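The values are calculated or read from the model by the stated rules, or taken from the named source; none is laboratory data. Since this is a predicted model, take the numbers as computed values, not measurements. When we count neighbours, we look across all protein chains shown, and the Cβ atoms used for this are built from the backbone with ideal geometry, even at glycine.
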Amino acid sequence: MKRNDYCIFLGMFVICVVNMLFMHINVLQYSQVEEVLDGVSWIDNCCRIFIDLFVILLVAVILMQGRLKSSMALVFLISSMWSFSNVFYSRFFFHYITLSSIAEAGALSDPIVFKSMVKGFRFVDVYYVLSATIFILLYRICPSHTLKPFKFVKRLVWVFALIYVFNLSAHVIYCASHDDLRYFEYFRRRVARRVFGINHFPALPIYAHFHNGSVKSILVEAYMSAQGDIELTEEQKIIIRNTIDDSKASLTGCARNDKVKNLIFILIESQMSFVIDKAIDGKEVTPFLNSLKADTCVYYNGNVHPNITLGESADGQFLYMTGILPLRSMITVSKACKISLPGLPRQLKKIGITHSRMILPTSPSLWRQDEMCSRYGFEQLYSSNDYPGSHLQTLTDKQIFELASQIDLRESESPFFSIILTASMHQPYDKILDPSFEIKATSINDELKCYYNACHYTDKTIANYIHSLKDNGLYDNSMIVIASDHHVHTTDFGGGIPKDIPFFIINCDIQDKMYKGPCNQVDLYTTLIDLLNIPNAWPGLGYSLADNRYNSLELKERWDVSELIMFSDYFKYNDVFL
């Protein structure tokens with residue numbers, strides 16, 4: 001092969017390298033890396049980019065029977081598609097694409113999800129057009145050349161060896177240049193974690209993907225999914241039992257439960273605490289929720305820290321229905337739909353709340369809602385398919401509460417548990433839902449104005465539903481919970497806005513004694529278990545807020561325990577809480 005030919009092939013390969021580097025830079029921009037990256041992190045990343053592309057090139061050479069030109073075209077196509085997909089995915093889900101997210105690709109057909117992802121387009125994405133143009137120009141002048149696969153593999157072995165030597169050398173130099181890091185044990189742990197990627201993918205998926213590359217991350221997740229239930233060691237079983245006992249110890253049992261009440265749970269899409277008590281142009285954004293906050297008979301905590309991961313809204317439901325933290329390395333429902341869960345509906349049966357229903361604004365199959373509804377223990381599932389008359393695929397909040405009111409009248413046999421999910425406050429925030437609530441302030445950007453307007457619209461629909469409960473005689477006999485599934489974090493409206501979400505309990509009995517400071521989303525399940533005095537209940541992995549002596553959780557430890565529970569299908573073999 002001539003020198004010019006080598007330069008052309010090298011240029012084509014460099015474009016593929018830049019594709020992958022562009023992907024990693026963009027994912028880091030929109031995602032929160034679990035640990036701090038240092039200078040050598042970028043060397044790790046670049047080494048893995050080369051390894052990923054050489055692995056893809058090897059497969060392409062084998063498939064194309066040694067034809068290098070066709071192989072390079074396949075490598076470019078794969079790297080471009082993978083890079084483009086990850087960039088847009090991360091702007092909506094704040095994570096690299098995982099196998100579990102690919103399995104849930106059907107959810108992208110939902111109009112709200114699709115529209116939100118399209119809104120993620122940025123001017124910098126013109127890069128893909130530019131890179132494709134340059135590659136096509138190089139491809140047209142590229143000569144045909146055939147490689148011998150076996151000889152190519154031998155050369156790749158040497159290439160991989162050189163990459164790893166260079167990578168290890170970077171870590172040696174880094175450690176040698178820091179006085180406090182010049183010892184073998186630290187170097188061994190560092191290399192094991194950063195170069196060979198041992199045992200940190202489940203807990204640090206973004207960090208691990210950045211350092212270990214896409215090919216290895218996909219293979220690790222495939223292995224985790226294929227291995228089935230892990231067998232817990234005795235030490236791990238003790239850790240789980242001690243954590244459960246710790247959560248149990250936070251239960252006060254001080255709430256009155258003379259009469260079993262209905263439990264109605266309103267789960268609001270993307271409601272954030274900073275909106276509560278907010279007034280613009282002299283008008284309250286959420287007048288009804290404000291009135292609840294001021295009501296001495298209502299418990300309110302606006303300091304709830306979200307604990308969702310890449311599952312977003314589905315993670316919020318999972319937290320409230322199980323008291324277990326979601327998986328950090330994959331979409332939780334992809335695993336949760338296959339294991340036994342101590343869902344809240346099952347716990348409520350122990351105090352006589354035997355009727356349970358979930359009311360969704362979407363189709364029942366979106367994010368496996370139908371499967372998860374069964375896993376949680378709900379008896380009935382209602383969705384947009386059950387709303388009478390013509391409507392869009394996703395119900396508005398007005399429609400979902402109309403459907404809920406109809407079901408309340410038709411199936412008001414008490415006591416019951418009902419959870420109602422809203423969707424109108426879902427991103428993107430690019431339209432006005434309530435024309436009567438006009439914001440004229442020029443200091444507020446258009447996106448935030450639309451969010452405020454959506455909050456006002458949803459607040460009004462919640463108020464109407466609560467009034468219908470009073471009219472139907474259900475209000476006084478029900479504990480009513482209002483919570484948010486997660487915060488808004490794609491744009492953060494320019495930044496600087498607190499991410500805390502609100503939590504209300506109406507007809508709580510002991511609201512004046514409860515803790516109102518900073519807490520976690522996982523605590524809400526444990527709090528409900530405590531307030532309802534459910535005997536022999538799964539306490540969740542949080543702490544009850546029923547006692548104002550609340551101590552904050554050590555989240556990392558709880559997350560490790562949650563993943564042990566999930567990956568071992570713990571409740572299948574320890575069914576005492578079911």
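Which condition does Ile407 not pass, out of (1) over 20 Å from the mean Cα position of the chain (by Cα); (2) crowded, with 20+ Cβ neighbours inside 10 Å, if it passes all the others?
(2) is the only condition that Ile407 fails.
Output the residue which, of all residues in region 275-331 that are small (Gly, Ala, Ser) and closer than 19 Å to Ser101 by Cα, is modelled with the highest pLDDT. First the steps, then the outcome.
If we filter region 275-331 for residues that are small (Gly, Ala, Ser), which is where we start, we get 279, 282, 291, 294, 302, 311, 313-314, 316, 323, 329.
Pick out the ones that are also closer than 19 Å to Ser101 by Cα and you get 311, 313-314, 316, 329.
Values: Gly311: 85, Ser313: 87, Ala314: 92, Gly316: 96, Ser329: 90.
Checked region 275-331; the qualifying residue modelled with the highest pLDDT is Gly316.
For region 379-398, name all the residues that are more than 16 Å from Leu267 (Cβ to Cβ) and free of Cβ contacts under 8 Å to residues at least 60 places away in the same chain.
Across region 379-398, the qualifying residues are Glu379, Gln380, Asn385, Asp386, Tyr387, Pro388, Gly389, Ser390, His391.
Cβ contacts < 8 Å: first residue not assigned by TED's automatic domain parsing to the domain that holds Tyr89, restricted to region 11-35; second residue buried (at least 18 other Cβ atoms within 10 Å of the Cβ), any location; separation 6+ or different chain. Result?
Close Cβ pairs satisfying both conditions: none exist.
Would you check if there is a residue in region 478-486 being assigned to a loop (DSSP other than H, G, I, E, B) and within 19 Å of Ser270 (Cα to Cα)?
Within region 478-486, the first condition is being assigned to a loop (DSSP other than H, G, I, E, B), and the residues that meet it are 485-486.
From what's left, within 19 Å of Ser270 (Cα to Cα): 485-486.
Within region 478-486 (the criterion being assigned to a loop (DSSP other than H, G, I, E, B) and within 19 Å of Ser270 (Cα to Cα)), the answer is yes, since at least one residue qualifies.
For Met224, which of the numbered conditions (1) under 21 Å from the mean Cα position of the chain (by Cα); (2) outside any helix (DSSP H, G or I); (3) under 30 Å from Leu344 (Cβ atoms) fails to hold?
Unmet for Met224, out of (1) under 21 Å from the mean Cα position of the chain (by Cα); (2) outside any helix (DSSP H, G or I); (3) under 30 Å from Leu344 (Cβ atoms): (2).
Out of Leu341, Leu310, which single residue is farther than 21 Å from Glu34 by Cα, in the same structural domain as Ala483 (by TED's automatic domain parsing) and buried (at least 24 other Cβ atoms within 10 Å of the Cβ)?
From the options Leu341, Leu310, the qualifying one is Leu341.
I'd like to know if region 414-424 contains one or more residues that are surrounded by fewer than 22 Cβ atoms within 10 Å (Cβ to Cβ), assigned by TED's automatic domain parsing to the domain that holds Ala279 and free of Cβ contacts under 8 Å to residues at least 60 places away in the same chain.
no
Kindly state which helices (runs of 4 or more DSSP H) lie completely within region 57-148 and contain at least 3 residues that are closer than 27 Å to Ala314 by Cβ and modelled with pLDDT under 90.
Ranges flagged: 68-93, 99-103, 111-118.
Evaluate the following for His489: is it assigned by TED's automatic domain parsing to the domain that holds Ile266, within 24 Å of Asn303 (Cα to Cα) and modelled with pLDDT of 90 or more? First the steps, then the outcome.
On the way: assigned by TED's automatic domain parsing to the domain that holds Ile266: yes; within 24 Å of Asn303 (Cα to Cα): yes; modelled with pLDDT of 90 or more: no.
No, not satisfied.
Name, by its number, the condition in (1) in contact with a helix residue (DSSP H, G or I) (Cβ under 7 Å, 6 or more places away or on another chain); (2) within 23 Å of Glu34 (Cα to Cα); (3) part of a loop (DSSP other than H, G, I, E, B) that does not hold for Phe196.
(1)
Quickly run through region 24-41 and pick out the residues that are within 26 Å of the chain's Cα centre (by Cα) and either among the β-branched types (Val, Ile, Thr) or assigned to a helix (DSSP H, G or I) (or both).
Result: His24, Ile25, Asn26, Val27, Leu28, Gln29, Tyr30, Val33, Val36, Ser41.
I'd like to know if region 288-300 contains one or more residues that are assigned by TED's automatic domain parsing to the domain that holds Glu438, assigned to a strand (DSSP E or B), surrounded by fewer than 20 Cβ atoms within 10 Å (Cβ to Cβ) and touching a residue at least 40 places away in the same chain (Cβ under 8 Å).
yes
Here is a list: Asn453, Asn477, Asn536, Asn551. Which entry is more than 23 Å from Lys259 (Cβ to Cβ), polar (S, T, N, Q), out of contact with any Ser or Thr (no Cβ under 6 Å at 6 or more places or on another chain) and modelled with pLDDT under 95?
None of the others qualify; the one that does is Asn551.
What do you reckon, is Ser214 within 30 Å of Val59 (Cβ to Cβ) and in contact (Cβ under 8 Å) with a residue 12 or more places away in the chain?
Against the criterion (within 30 Å of Val59 (Cβ to Cβ) and in contact (Cβ under 8 Å) with a residue 12 or more places away in the chain), Ser214 qualifies.
State the number of residues belonging to region 510-540 that are surrounded by fewer than 19 Cβ atoms within 10 Å (Cβ to Cβ) and either on the phi > 0 side of the Ramachandran plot or assigned to a loop (DSSP other than H, G, I, E, B) (or both).
Total meeting the criteria: 7.
In region 260-287, what count of residues is obtained for those that are on the phi > 0 side of the Ramachandran plot and buried (at least 22 other Cβ atoms within 10 Å of the Cβ)?
1
Return the only residue of Lys470, Lys398 being under 26 Å from Asp315 (Cα atoms), surrounded by fewer than 20 Cβ atoms within 10 Å (Cβ to Cβ) and at pLDDT 95 or above. Talk me through it step by step, then tell me what you get.
On the way: Lys470 fails: under 26 Å from Asp315 (Cα atoms).
Residue meeting the stated conditions: Lys398.
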